[in-house]
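This report refers to the structure that appears directly beneath it.
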Amino acid sequence: MNTKAKGTRLEHKSMKWLEEGKGHLKGRKYRCTRAAASLGEWDIIAISSLVTGTEDIKLVQVKANRRPRSKEMEALNAFKCPVNCSREIWIWKDRARKPVIEILGGNNDDEQHSSNGVCELKE
C-alpha cells in the first residue's frame with residue numbers, strides 16, 4: 001500500500017474513533033473535519049459540544065508507526081490554540097487496534113502526562 005493511501009486510511013480510522021467516542025474518549029463524541037491534501041499542521045479538527053454547553057476541540061496529527069520529524073514537531077509545538085483545545089499526535093502502529101496518543105501542551109485539566117509524553121486519563 002502506498003503511503004498516501006495508508007495515511008488517508010488512518011485519518012478515516014481516527015475520525016471514526018472520534019465520532020464514535022471509542023477508547024480513551026469514554027463515550028465523548030466529536031464532529032470531525034479532515035484537512036485532505038492540505039499542507040497545514042493538523043490532519044483532523046474535532047469539536048465536541050457537551051450537554052453542559054462546554055466545547056472541547058482536538059487538533060489531531062495522524063502518523064503511521066512513528067512520531068513526526070523534528071521540523072514538523074517544532075511547527076506543532078509552536079501552534080497556538082485556545083485553552084479548550086488540545087493538540088494531539090495519534091500514532092497507529094501496524095496491526096494495532098488503538099493508537100498511541102501524545103498530547104502536546106497539556107491544555108486539559110483531566111489529563112495526566114507520563115514522562116514519555118503519552119496521555120493517560122485520570123479515572
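The values are calculated or read from the model by the stated rules, or taken from the named source; none is laboratory data. For clarity, every value in this text was computed on a predicted model and none was experimentally measured. When we count neighbours, we look across all protein chains shown, and the Cβ atoms used for this are built from the backbone with ideal geometry, even at glycine.
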So the strands (runs of 3 or more DSSP E) completely within the range 1-81 holding 1 or more residues that are surrounded by 14 or more Cβ atoms within 10 Å (Cβ to Cβ) and free of Cβ contacts under 8 Å to residues at least 24 places away in the same chain are 31-34, 44-49
Does Lys122 meet the test of being loosely packed, with under 13 Cβ neighbours inside 10 Å and at pLDDT 85 or above?
-> no
From (1) over 19 Å from Lys93 (Cα atoms); (2) in contact with a Pro (Cβ under 8 Å, 6 or more places away or on another chain), pick out the condition that doesn't hold for Ser14.
-> (1)
Evaluation of Gly27 against (1) in contact with a strand residue (DSSP E or B) (Cβ under 7 Å, 6 or more places away or on another chain); (2) modelled with pLDDT under 95 (one fails), failing number | (1)
For the range 89-99, which residues satisfy the criterion of being among the aliphatic types (A, V, I, L, M) and either more than 21 Å from Thr8 (Cα to Cα) or crowded, with 17+ Cβ neighbours inside 10 Å (or both)?
-> Ile89, Ile91
Please enumerate the residues belonging to the range 53-75 that are out of contact with any strand residue (DSSP E or B) (no Cβ under 6 Å at 6 or more places or on another chain) and either of a type in the set (Asp, Glu) or under 29 Å from Arg95 (Cβ atoms) (or both).
-> Asn65, Arg66, Arg67, Pro68, Arg69, Ser70, Lys71, Glu72, Met73, Glu74
So which of Ser86, Ser70, Ser48 is more than 17 Å from Leu10 (Cα to Cα), touching a Leu at 6+ places or on another chain (Cβ under 9 Å), small (Gly, Ala, Ser) and modelled with pLDDT of 90 or more?
-> Ser86
